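What follows is a single structure, written as structure tokens, with notes after it.
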Amino acid sequence: MEKVILNVEGMSCSHCVAAVTKAVSALEGVANVEVSLENKTATVEYEAPATVDAMKAAIEDQGYDVV
């Protein structure tokens, strides 16, 4: 199991947290997602076939920026 912390810009409320969590959780291979509105991060535990690029794309599809 691997772990990555993504910096997510543009989140401002609990709806944003839910949208990011749902988008990343839907990816095959993602075991756990913890989104922090305060820290503007998404901490993801995952294994193949999930990739960091796929996570970034899923978050960006929701209208947020991964920096």
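The values are calculated or read from the model by the stated rules, or taken from the named source; none is laboratory data. Since this is a predicted model, take the numbers as computed values, not measurements. Neighbour counts are summed over all protein chains in view; Cβ atoms, including those assigned to glycine, are modelled from backbone coordinates with ideal geometry. Note: accessible area is taken over every heavy atom of the protein model, side chains too, but ligands, DNA and RNA are not part of it. Shrake-Rupley method; radii C 1.70, N 1.55, O 1.52, S 1.80 Å.
Step by step: first the residues of the stretch 42-67, then only those that are in a strand (DSSP E or B) and more than 8 Å from the chain's Cα centre (by Cα), then the one that is farthest from GLU9 (Cα to Cα). Which residue is that?
Across the stretch 42-67, the extreme among qualifying residues is TYR46.
Cβ-Cβ under 9 Å, sequence separation 6+ or interchain: first residue in the stretch 44-67 and under 11 Å from GLU28 (Cβ atoms) and open to solvent by 60 Å² or more (accessible area, probe 1.4 Å), partner β-branched (Val, Ile, Thr) and not in a loop (DSSP other than H, G, I, E, B). Which pairs?
Hits for this filter: GLU47/VAL30.
Name the residues in the stretch 21-37 that are part of a helix (DSSP H, G or I), among the small types (Gly, Ala, Ser) and open to solvent by less than 30 Å² (accessible area, probe 1.4 Å), would you? Lay out the reasoning, then the answer.
First, pick out the residues of the stretch 21-37 that are part of a helix (DSSP H, G or I): 21-25.
In the following step, the residues that additionally are among the small types (Gly, Ala, Ser) were identified as 23, 25.
ALA23 - this is the single residue of the stretch 21-37 that is part of a helix (DSSP H, G or I), among the small types (Gly, Ala, Ser) and open to solvent by less than 30 Å² (accessible area, probe 1.4 Å).
Would you be able to tell me the number of residues in the stretch 1-20 that are open to solvent by 40 Å² or more (accessible area, probe 1.4 Å) and either within 15 Å of VAL67 (Cβ to Cβ) or assigned to a helix (DSSP H, G or I) (or both)?
Initially, the stretch 1-20 is screened for residues open to solvent by 40 Å² or more (accessible area, probe 1.4 Å), giving 1-3, 5, 7, 9-10, 12-15, 18.
After this cut, where a residue has to be either within 15 Å of VAL67 (Cβ to Cβ) or assigned to a helix (DSSP H, G or I) (or both) as well, the list is 5, 7, 9-10, 14-15, 18.
Residues flagged as open to solvent by 40 Å² or more (accessible area, probe 1.4 Å) and either within 15 Å of VAL67 (Cβ to Cβ) or assigned to a helix (DSSP H, G or I) (or both) within the stretch 1-20 amount to 7.
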